[in-house]
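Comments concern the structure below.
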Amino acid sequence: MKKLFPLALVAAMAMLMFIPACGGGGGGGGGGGGTVTADYVSTDTPLSIPDSNSSETVPGSVSSNMLVTGAPNPVSKVTLTINIAHTFTPDLWIYLISPSSTSVLVSWMNGGGGANYSYTTFDDAAAVGIWVADNPFSGTYIPDDLLSAFNGEDPIGVWTLTVQDVLYWDTGTLNSWGININ
């Protein structure tokens, strides 16, 4: 689902300079430390993202789990905010997995060769897709696959964010992540 919304693109890019991601702001070029602001925030981060092996046949992978209780049921909307420091974001495949095992590929090999997701929010209603943005990513973007795949599900249970490093040489850290559920 890679669509470009040309009329909104210029306005969205200008707005990204003024809208702090997920109300928490921060970020900048380093993608370092800190936690995101959301209804539910990971408690098992930071986690090192292992590098792919030298033959690139086995991706490095890390998963962070978050228990969600007391969320509105059923899900009508999910947004995700991540803070990842990584030296080459096109190496990364990022998945959000619901308690019902629905998996959404949020970002797949995006970025022009730079680094970091600095308090980056994914929202189906954003004005610009992550695939047309440049890194370091900060602001709000449409994910590669829509988070509306979770709509109608029971949100109670363990949500998982999985980050795969599919290419050799570059490494990083999943510093924090969180979700908002409506």
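Bear in mind these aren't lab numbers, they're just calculated from the coordinates by the rules spelled out. Treat the numbers as computed from the prediction; the structure is a model and nothing was measured. Neighbour counts run over all protein chains shown; Cβ positions are idealised from the backbone, glycine included.
Listed values, structure above:
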{"quantity": "DSSP-defined beta bridges in region 44-181 - what % are antiparallel, rounded to 5", "calculated": "90 percent"}
{"quantity": "Amide H contacts of His86 (H built 1.01 Å from N, under 5 Å, at least 5 apart or other chain)", "calculated": "Asn116, Tyr117, Thr173"}
{"quantity": "Potential extension, Thr87-Asp124 segment - 0.36 nm per residue separation minus Cα distance", "calculated": "10.7 nm"}
{"quantity": "Region 147-182: chymotrypsin sites (Phe, Trp or Tyr not before Pro) falling in loop per DSSP and having at most 15 other Cβ within 10 Å", "calculated": "Tyr168, Trp169"}
{"quantity": "Sequence-distant residues sharing a close amide H with Ser52 (under 5 Å, placed H)", "calculated": "Gly60, Leu167, Trp169"}
{"quantity": "Inter-label distance, nm, simple model (7 Å from Cα along the C-beta direction), Leu105/Ser48", "calculated": "2.8 nm"}
{"quantity": "Residue-wise HN-Hα coupling along region 156-172, computed from phi with Karplus coefficients 6.51, -1.76, 1.60 (Hz; x: Gly, Pro)", "calculated": "6, x, 8, 9, 10, 10, 10, 10, 10, 9, 9, 10, 7, 3, 9, 10, x"}
{"quantity": "Global form of region 73-182, assessed from the alpha-carbon gyration tensor, a/c cut-off 1.5", "calculated": "prolate"}
{"quantity": "Length added when fully stretched, Ser63-Asp154, from 0.36 nm per residue minus Cα-Cα", "calculated": "30.7 nm"}
{"quantity": "Sites Asp39 and Tyr168, calculated FRET efficiency, Cβ-Cβ separation with R0 41 Å, nearest 0.05", "calculated": "0.65"}
{"quantity": "Amide H within-cut-off set for Ser76, under 5 Å, with H built and near neighbours excluded", "calculated": "Gly152, Asn182"}
{"quantity": "Cα shape, region 132-173, gyration tensor, a/c 1.5 rule", "calculated": "oblate"}
